[in-house]
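Report on one structure; see the data block that follows.
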Amino acid sequence: MKKSIGEKSKAQNRTVSRLPEFTQKEIDYIKGTSDFFGLNFYTAQQVAHRDLPDKFPSFVFDMDLIKTQPRDWLESGSSWLKVVPWAFRKILTHVKTKYNNPIIYVTENGVSDRNGSLVDEHRIYFHKMYLNELLKAYLLDDIDVRGYAAWSLMDNFEWQVGYTERFGLYHVDFENENTPRTPKASSVYFSEIIRNNGFLESTVPPNSTEETDSTQFPPTTTNNCSRLQIMWIAVFSAIFLDYFSTFFTKVVY
């Protein structure tokens, strides 16, 4: 990346790269100082190399990639978000390998819709399948995942698409000045996972026994949080993230 952007910067008649580099002193100072790896994950893309124009300074052009998503991948309420559960375990494995198995908190993971349905079966499917891949990463790949936050606790302002795309476990009526909240079916499903500390036998995801027959999250040990603790972390994290999002919206807009 540093080499590629450096070459593009020269082609743009710049004397220095648009991507500043750390000095060796700075590298030594910050190396190993992080407390954990925070991961936001939603979807995946297939990529292929392609040399893109140098004259337009852009994050997109800097990548020199063409990105695609197969049409048979399950869609959501967002054009960019396809449901790809297997990629969740894959990215967690990559983080473990690339960054020497750090403590990981999944700080965002969820799926959108545009109809505001309270019977959001697609969201139940999403969390069921993604959590199953997370469980495989924890049990089979020995990845140190300590927390999981579903995005999001309730429908909120989603950046440039505003209130048109909904990610919440709770429906928010934005047309009502009191913005009442109503639990969706996914909130019930998610609370059952918390209450039972794992999947119920009747809701075990397909192929979940291919590599392990465990449907329960591991109990508390001296080194790892229980899945029950993880889910409570999810609830409080989601509350904080939604509050921050609302606060930020009020300040900026």
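The values are calculated or read from the model by the stated rules, or taken from the named source; none is laboratory data. In this text the structure is predicted, and so the values were computed from the model without any measurement. We place every Cβ from the backbone using ideal geometry, glycine too, and count neighbours over all the protein chains shown. SASA here: full protein model, heavy atoms, side chains in, ligands and nucleic acids out. Shrake-Rupley method; radii C 1.70, N 1.55, O 1.52, S 1.80 Å.
Quick notes on this one:
- Check on Val111, over 14 Å from Trp151 (Cβ atoms) and either surrounded by fewer than 18 Cβ atoms within 10 Å (Cβ to Cβ) or touching a Lys or Arg at 6+ places or on another chain (Cβ under 7 Å) (or both): no
- Filter result (surrounded by 12 or more Cβ atoms within 10 Å (Cβ to Cβ) and either under 15 Å from the mean Cα position of the chain (by Cα) or modelled with pLDDT under 90 (or both)) within the stretch 35-51: Phe37, Gly38, Leu39, Phe41, Tyr42, Thr43, Ala44, Gln45
- Residue check for Leu134: at pLDDT 95 or above, touching a helix residue (DSSP H, G or I) at 6+ places or on another chain (Cβ under 8 Å), not hydroxyl-bearing (Ser, Thr, Tyr) and not in a helix (DSSP H, G or I): no
- Contact annotation: residue pairs with Cβ atoms under 7 Å, 6 or more positions apart or on different chains, pairing a residue in the stretch 1-30 that is free of Cβ contacts under 8 Å to residues at least 24 places away in the same chain and farther than 14 Å from Asp54 by Cα with a partner that is open to solvent by 100 Å² or more (accessible area, probe 1.4 Å) and part of a loop (DSSP other than H, G, I, E, B), are Lys2/Glu21.
- Residues satisfying the stated conditions in the stretch 158-172, i.e. open to solvent by 50 Å² or more (accessible area, probe 1.4 Å) and either in contact (Cβ under 8 Å) with a residue 60 or more places away in the chain or under 15 Å from Asn115 (Cα atoms) (or both): Tyr163, Thr164, Tyr170
- Residue pairs meeting the criteria (Cβ under 6 Å; at least 6 apart or on separate chains; first farther than 22 Å from Gln45 by Cα, in the stretch 81-105; second of a type in the set (S, T, N, Q)): none
- Close Cβ contacts (under 7 Å, 6 or more residues apart or on different chains) running from residues in the stretch 133-157 that are closer than 12 Å to Ile104 by Cα and touching a residue at least 24 places away in the same chain (Cβ under 8 Å) to residues that are basic (Lys, Arg) and outside any loop (DSSP other than H, G, I, E, B) comprise Ala137/Arg89; Ile143/Lys96.
- For the stretch 186-205, filtered to residues that are of a type in the set (Gly, Ala, Ser) and touching a Lys or Arg at 6+ places or on another chain (Cβ under 8 Å), the residue that is nearest to Gly77 (Cα to Cα) is Ser186.
- Sole exception among (1) open to solvent by less than 80 Å² (accessible area, probe 1.4 Å); (2) at pLDDT 95 or above for Asp54, by number: (2)
- Whichever residue in the stretch 173-202 is of a type in the set (Val, Ile, Thr) and in contact with a helix residue (DSSP H, G or I) (Cβ under 8 Å, 6 or more places away or on another chain) and, among such residues, is surrounded by the fewest Cβ atoms within 10 Å (Cβ to Cβ): Ile194
- Candidate set: the stretch 1-34, residues that are of a type in the set (A, V, I, L, M) and over 24 Å from Asn101 (Cα atoms); chosen: the one surrounded by the most Cβ atoms within 10 Å (Cβ to Cβ): Ile5
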